[in-house]
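Enquirer: This is the structure I have questions about; it appears just below.
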Amino acid sequence: MTRQEHHGSSDSGSGSGNRGRSRLRRTAFATGAALTVVVAGAGAAPGAGADPAGAPGEPRLKLIAASNSVTLDRYEWNDGVYLDLGTYLTVDDAPFEFRVTRESYKDPIVARQILRDGTTTKTRELPEGMVTDFSGLSGFLDVTIENAAGEVVAKTDGTYCPNNAAGRIRPDAPATAHYPESCSTNPWTLGSVWGVEQGWASNTSTVDYDKPVDLPAGEYTAKVSVAEKYRDLFGIPDDRPTIKVTVREYDEDGGGGVGRASSSRSSAHGAGHGGGHGAAQGAPSAKSAAGAAHHYGPRGADAPTPGALSHALEDRGTATHLGDGRGHTDGSRIAPALQPNAKRPTGRAGVPADVPKPDLRSLPAWDIAITDGEDGDVPGKDYLAFSANVWNAGPAPLVVDGFRSPGKDLMDAYQYFYDADGKQVGYTPTGTMEWDPRSGHEHWHFTDFASYRLLSEDQTKEVRSGKEAFCLANTDAIDYTVKNANWHPYNTDLSTACGQQNSISVREVLDVGSGDTYTQYRPGQSFDITDLPNGTYHIQVIANPEKRLQETNLDNNVALRKVILGGEPGARTVQVPPHELIDAP
């Protein structure tokens, strides 16, 4: 996941109301039919029409539709609808599991299917081109939409994330799924785990929020199938569910009647808790929730790039809050905060040398753009905005508790250490947490976690510096293949991880395998470049800059990203060369 702190609200750390700036293809996963799969899938999955079981360790797969008909909403300010058709891939006999990795940013992504047969485990490398990033199996689903006259009006193919919204297809299936709950879209991801438990099904529908399908209000027929290359590879029957699609148009005045409905209801995705990001409270109309709470400026440049941020923080255009929320079946669950210790630590501070510690690593900046000084910065100035991530490669989580000094907006912070059995065996003081009262922040920041600097071309001169304090949250899965990676972290969202103004203590955690993306688009975060000459610079991201946190390795805490500034005052430009194989400007 990723997030930003900001004034007002758009929809979450991965949110953006400005679709025109999209440079990265952003897919998020379908939400509509998640709660119906257990009932609808149970009658259709194992047995009826399914192929016989395959070789030991091979999952038996089948494409089904949770319902024979769906209703999709089109809003008058949108360019179309999102094709959440409620189709699922059922899995039986064995898990449908993958490890997806790359050795470094110089190396291509390699996807391997894991085949488990009792105590025997085999791997099968997928052909080149099936997996091009960490968002899922590309081109997995073919969808054809016909109008009432039988004419084809739209065709799409979709990436399938096995971790997408899932449910059991039979009552004797495993009660819980241990696989992660989303697929990463962070450009710096190094390793992912995908999977569907046997006896479960996951939603195959993907939605590109930057590319809605232009279907006017009316009746349609959707025909869905798995692409032939995947049917052949995985032995999937050539089932082609047909789904009746009703497109219903919403307008500001309401209306009722066939194909129309009022927009006065709350978000189609469900309004979750809205704290932490300064999100609007209550349930405003979908249109007002989408854009009225935030102003993006005349050039729209101070909104993060769609695609740069995570599912939990994605601006879905109809959501009423930032961060996690009910109804987000793309993995952005409501993850409760971890509770701090009841009291400050006592006794002599220290930690045994052999106790596991976290390993904080910086990632290069991305989502880099020139902003225009709107939204709290000084109008008329030029700012260089970016996103940055610090992640924990383990093997131990970073656990920091803050305890408030009475009557002060300050907490004393302590880092805790645990042995292999999870028993606390040490602690050290590690600075402070401070209350940030600014609108859009309003939570406890852990100081000295990361800093950001703009360096000269030869990297000898620091020309600008950025903030060092913010709330820790597990916003992005960076590498879930490292030792002790936690596939189900808590503290995934600012509204659960960062406390309230009246909190007397708070626990902030960066779990193993996860990273915390901070979007530097807000006042005091982006670099003021108004008086900088054009030329080449480097954005430097530094984790643990004061070395107050104890780690296994302090030599991988710095990352650089080259940028080239150009243009004229008021119309500055930035070019961002690729970083090795990663072209994520």
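Taken together, the values in this text are just the output of simple stated rules run on the coordinates, not laboratory data. What you see is a predicted model; the values in this text were computed from it and never measured. Heads up, the Cβs are rebuilt from the backbone with ideal geometry, glycines too, and the neighbour counts pull from every protein chain shown.
Enquirer: How far apart, in nanometres, would the label points at residue 125 and residue 146 be if each is projected 7 angstrom from Cα along the Cα-to-Cβ direction?
Expert: Modelled inter-label distance: 4.2 nm.
Enquirer: Working out 0.36 nm times the residue gap between residue 502 and residue 408, then minus their Cα-Cα distance, what length gain in nm do you get to one decimal?
Expert: Length gained, residue 502 through residue 408: 32.8 nm.
Enquirer: Okay, next question. Which peptide among 98-109, 184-195 comes first, and what is the full order, when sorted by highest mean count of other Cβ atoms within 10 Å?
Expert: The most tightly packed comes first, giving 184-195, 98-109.
Enquirer: Additional query: Taking the Cα centre of the range 167-227 as the origin and placing charges on Cβ (Lys, Arg +1; Asp, Glu -1), which of 207, 176, 188 is farthest toward the positive end of the dipole?
Expert: Positive-most Cα among the choices belongs to 176.
Enquirer: Something else: Cβ neighbours within 10 Å, averaged per peptide: list 481-489, 338-346 in order, most packed at the top.
Expert: Top of the packing list down: 481-489, 338-346.
Enquirer: Averaging sequence separations of C-alpha pairs under 8 Å and six or more residues apart, then dividing by the length of the range 104-195, give the relative contact order as a whole percent. The partial results should precede the final answer.
Expert: Values: 117 pairs, mean separation 20.0, N = 92.
It comes to 22 percent, rounded to a whole number.
Enquirer: Looking at 78, 100, 90, which one has the Cα that reaches farthest to the positive end of the dipole of the range 59-116 (charges on Cβ: Lys, Arg +1; Asp, Glu -1)?
Expert: Among 78, 100, 90, the one farthest towards the positive end of the dipole of the range 59-116 is 100.
Enquirer: Sticking with this one: For residue 354 and residue 248, what does the FRET efficiency come to when R0 = 51 Å and r is the distance between their Cβ atoms, rounded to the nearest 0.05?
Expert: Rounded to the nearest 0.05, the efficiency is 0.25.
Enquirer: Sorted by average packing, counted as other Cβ atoms within 10 angstrom per residue and highest first, what order do 450-457, 553-560, 210-217, 361-368 take? Mind dumping the intermediate values first?
Expert: Values: 450-457: 19.0, 553-560: 14.6, 210-217: 16.6, 361-368: 25.5.
Averaged packing, sorted descending, gives the order 361-368, 450-457, 210-217, 553-560.
Enquirer: How big is the charge dipole of the range 78-146 about its Cα centre, in debye rounded to the nearest 20, if each Lys and Arg gets +1 on its Cβ and each Asp and Glu gets -1 on its Cβ?
Expert: Numbers: 7 positive and 13 negative charges, 95 e Å.
Using only the charged Cβ atoms, the result is roughly 460 debye.
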